[in-house]
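The values are calculated or read from the model by the stated rules, or taken from the named source; none is laboratory data. What you see is a predicted model; the values in this text were computed from it and never measured. Glycine also receives a Cβ, built like all others from the backbone with ideal geometry; neighbour counts cover every protein chain displayed.
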Amino acid sequence: MEHQDSHIDLNSIADQLVQQGQLIQQLITQQQQQQQHQQLNGVVSTQPSLHDLPVRPSYDWQPDPLLYDRIPSLAHPIFYQTLPDDERKAIIERYPAVQGVKYTPPATIPEAQRKFNKGQHREDSSLRHLQYLASAILRPLDVLCHTLLPLIPPEQSERVYAILNDIRTLTLNLCGSATTVRNNLALRAINPAFQLQTENGSDYTMDPTKFQETLAHNASVLKTLREATPRRSKQFFPKDSPPGVGGSPLSTSDSNQPFRRITNGQNRPRQIQSNNVRSNSNSNNNSNQPNANRQ
């Protein structure tokens with residue numbers, strides 16, 4: 001009897017192992033199919049999985065109705081909504097600023113600002129105002145990150161904060177792109193051909209020393225280009241040659257000779273006139289000598 005019981009127990013264990021092996025095989029098959037589906041659809045599988053939504057631009061997703069209730073602005077168009085100043089300030093004042101974070105946009109470089117015309121002044125002021133509006137996004141976002149920190153389970157914290165960090169990175173990119181545009185505007189105020197090639201500073205849109213270095217670099221490049229550009233030689237044609245007749249045109253090396261000839265030609269009447277005066281005086285003297293001899 002003991003032998004039969006042990007035999008039955010071994011059979012049940014073997015059956016359980018077979019079932020577990022089948023389940024493992026099914027999981028492996030499903031994982032392989034999912035990877036093949038991702039490769040066919042062009043989804044990059046090397047990136048960490050932050051959410052369960054596709055990332056290709058051709059895919060879209062419909063927010064849950066509860067999400068529309070919680071975030072009413074989700075139904076508003078992106079590029080057409082503006083807020084009155086008092087409403088915007090009321091939203092910003094709900095969230096305290098992070099200590100040590102500078103939300104005020106950098107000032108314009110004084111040397112370039114003095115050379116701004118009215119249009120450039122308006123453009124720089126508009127860009128600076130947009131930077132200030134964009135910096136206000138960080139105040140509620142940073143408060144949200146602080147609020148979610150004790151609420152999110154540790155296993156979900158990494159992916160949630162990765163999304164929040166992407167939001168903050170894109171906001172910083174917006175503010176930094178506006179600073180780059182302002183720097184190029186400052187360089188064009190000095191010379192329209194100048195453009196930015198160095199990193200920005202901290203107190204101004206660009207450090208004044210680097211601004212001077214950028215000016216010197218662009219001026220040196222323009223000088224080099226001017227010196228490297230071959231100059232075309234001017235061609236001169238003799239004035240006395242009829243159109244369509246004559247030899248080859250004169251080059252700049254020979255251009256001095258026609259002017260010398262013209263100059264000599266202009267001097268000829270004076271020389272001829274003086275020679276005529278001398279010849280006339282000599283002829284008069286010669287004509288008077290016979291008369292004198294006769295007397």
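Worth a mention:
- Taken together, the residues in region 118-154 that are under 17 Å from Pro106 (Cβ atoms), of a type in the set (A, V, I, L, M) and in contact with a Phe, Trp or Tyr (Cβ under 9 Å, 6 or more places away or on another chain) amount to 2.
- Meets criteria (within 30 Å of Thr205 (Cβ to Cβ), assigned to a loop (DSSP other than H, G, I, E, B), modelled with pLDDT of 90 or more and aromatic (Phe, Trp, Tyr)) for Tyr132: no
- Residue match in region 175-186 (condition: in a helix (DSSP H, G or I), more than 30 Å from Lys210 (Cα to Cα) and among the hydroxyl-bearing types (Ser, Thr, Tyr)): no
- Evaluating Thr180 against the criteria (1) surrounded by fewer than 17 Cβ atoms within 10 Å (Cβ to Cβ); (2) more than 28 Å from Thr82 (Cα to Cα) leaves one unmet condition, (2).
- Within region 114-129, the set of residues being in a helix (DSSP H, G or I), of a type outside the set (S, T, N, Q) and either over 19 Å from the mean Cα position of the chain (by Cα) or loosely packed, with under 15 Cβ neighbours inside 10 Å (or both) comprises Lys118, Gly119, His121, Arg122, His129.
- Look at region 138-152: where a residue is on the phi < 0 side of the Ramachandran plot and without any contact (Cβ under 8 Å) to a residue 12 or more places away in the chain and a partner is surrounded by 14 or more Cβ atoms within 10 Å (Cβ to Cβ) and not aromatic (Phe, Trp, Tyr), sitting 6+ places away or on another chain with Cβ atoms under 6 Å, you get Ile152/Val160.
- Index of the failed condition, Asp69 passing every other in (1) surrounded by 10 or more Cβ atoms within 10 Å (Cβ to Cβ); (2) free of Cβ contacts under 8 Å to residues at least 24 places away in the same chain: (1)
- Taken over region 90-113, the criterion of being over 23 Å from the mean Cα position of the chain (by Cα) and more than 17 Å from Ala134 (Cβ to Cβ) is satisfied by Ala90, Glu93, Arg94, Pro96, Gln99, Gly100.
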